[in-house]
Amino acid sequence: MAMTADQLPADPDALKAIALARDVENARLIQIIKELQRHRFGRRAETLPEDQLLLGLEQAEQIEAAAEEANEQASPVERLERARKRRTNRGERLGRG
């Protein structure tokens with residue numbers, strides 16, 4: 001609440017008390033502002049929601065799968081070689097080699 005010059009007390013001790021009270025109030029308001037800014041602009045506010053993160057990962061997986069499919073279509077020999085390696089690895093794991 002604002003005070004006019006006519007409303008201020010003439011006593012220096014009363015003026016000091018008013019100034020200290022205003023300083024305490026200002027410090028409290030500054031702290032509230034900092035907390036609100038931290039809440040709004042802090043690290044937590046910048047994180048992506050889980051479904052948005054999963055959407056980005058799904059898109060990356062689709063791009064990777066499309067690239068692998070293009071490679072397989074371009075080189076059928078390479079595709080057969082990878083299939084042979086997979087079969088060989090399965091046999092070695094089962095003790096058949």
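All of the numbers you see were taken from the coordinates with simple rules; none came from a lab. From a predicted model like this one, the values you see are computed outputs, not experimental measurements. Positions of Cβ are backbone-derived with ideal geometry, glycine not excepted, and every protein chain shown enters the neighbour counts.
The order of Arg87, Arg79, going from fewest to most other C-beta atoms within 10 Å of their C-beta, is Arg87, Arg79.
Once the C-beta distance of Glu61 and His39 is scaled by a Förster radius of 41 Å, the resulting FRET efficiency is 0.75 to the nearest 0.05.
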